[in-house]
Amino acid sequence: QGATTFPIAILDTGVDINQEDLKAKIVLPTNTYSGGTDVTDVYRHGTYVAGSAAALSNNGIGVAALAWKNPIMPIKISSDSGYTNDVAIINGLVYAADHGARVANISYAVSDSSAVASGAQYFISKGGLVTVSAGNYAVDEGIPDSPYMISVSGTADNDAKTDSSSYGNFVDVAAPGSYICSTIPGVVNGYNCNSHGTSFA
């Protein structure tokens, strides 16, 4: 169920802080891509990720999540078109580490980024863990394993790798990444059970 003590930092395209299964859990939102505290999720990706990680559960509505007691710290690291950069990610990791998060999720394929690895190393020095998406390119990425990031590939309902999931020696763990039920931004009482990809694994 998780714990109320530590927020989960969602470094992504933002989070809909008014979504009914998320709004009571939001803490310390920030935007490291363009500055300020606006984490509006125009691209929609981050709200899906936040819900799959830590949507409020056992409340008779919406969806259930794995760590539903943990607060959510939305950190917008991208433009409204979903584009991000290493600086925004690193600044997001530093912010999260310095503000009490002990899990940071980056649902981008950044396992081979030495710059992001340096930010993850800082996060680890504060006692945390950083998870990242393996990618959705259906190939062996051929990149070395990072000691600072937990790279996650996706599995289907038969426990085999999904057709789209990247794979290789850099992958640390696999988790369900097909037909994930989660929260949708900008829709009253919005949910979706058709989310696919290592972002949600």
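Once you keep just the Cα pairs under 8 angstrom separated by 6 or more residues, what percentage relative contact order results for region 86-181?
Values: 192 pairs, mean separation 23.2, N = 96.
Over region 86-181, the number comes to 24 percent.
Determine ³J(HN,Hα), in whole Hz, for all residues of region 104-118 in sequence, where each value follows from phi through the Karplus function 6.51 cos²θ - 1.76 cosθ + 1.60 and θ = phi - 60°; x replaces Gly and Pro.
Couplings: 10, 10, 10, 8, 10, 7, 10, 4, 9, 8, 5, 5, 5, 4, 5 Hz.
Can you return the lysines within cross-link range of K25? Criterion is Cα-Cα under 20 Å, with same-chain partners fewer than 8 residues away left out.
Answer for K25, where 20 Å is the Cα cut-off: K69, K76, listed by chain and number.
Which whole-number percent gives the relative contact order of region 1-73, counting Cα pairs below 8 Å spaced six or more residues apart?
Numbers: 142 pairs, mean separation 32.8, N = 73.
The value is 45 percent.
Stick to Cα atoms and the Kirkwood definition of Rh, then tell me Rg/Rh for region 1-98.
Looking at region 1-98, the ratio lands at 0.96.
Quickly work out the A3-to-N194 label distance, labels modelled 7 Å from Cα along the C-beta direction, and quote it in nm with one decimal.
Distance between the two pseudo-spin positions: 3.9 nm.
Per 0.36 nm of contour for each residue apart, how much would the distance between S81 and N169 grow if the chain were fully extended, relative to their Cα-Cα spacing? Walk me through the numbers on the way to the answer.
Working: separation 88, 0.36 × 88 = 31.68 nm, distance 3.07 nm.
Once the chain is fully extended between S81 and N169, it gains 28.6 nm.
Under 5 Å between amide H atoms, partner at least 5 residues away or on a different chain: which partners does A201 have, H built in plane at 1.01 Å?
When sequence neighbours closer than 5 places are left aside, there are no close amide H contacts.
Under the rule of at least 5 residues apart or a separate chain, name every residue whose amide H is placed under 5 Å from the amide H of Y167.
V139, D140, E141
Show me, for region 49-64, the HN-Hα J-couplings you get by feeding each phi into the Karplus relation (A = 6.51, B = -1.76, C = 1.60, θ = phi - 60°), rounded to Hz, glycine and proline as x.
3J(HN,Hα) across region 49-64, in whole Hz: 5, 4, x, 5, 7, 8, 4, 4, 10, 6, 10, x, 9, x, 10, 10.
Taking θ as phi - 60°, what are the ³J(HN,Hα) couplings along region 148-161 by the Karplus curve (6.51, -1.76, 1.60), each to the nearest whole Hz, with x for Gly and Pro?
The phi angles translate into 10, 10, 8, 8, 10, 9, x, 10, 9, 6, 9, 6, 8, 4 Hz.
Taking every pair of distinct Cα atoms and averaging 1/r, then inverting, what Kirkwood hydrodynamic radius in Å comes out for region 140-201? Could you put the intermediate results ahead of the total?
Details: mean 1/r = 0.0793 Å⁻¹.
Evaluated on region 140-201, it is 12.6 Å.
Whose amide H sits under 5 Å from the amide H of R102, counting only residues 5 or more places off or on another chain, with H placed in the peptide plane?
A9
Values in this text are rule-based calculations from the coordinates and carry no lab data. The structure displayed is predicted, hence computed values, not measured ones. Note that each Cβ is placed from the backbone with ideal geometry, even for glycine, and that neighbours are counted across all protein chains shown.
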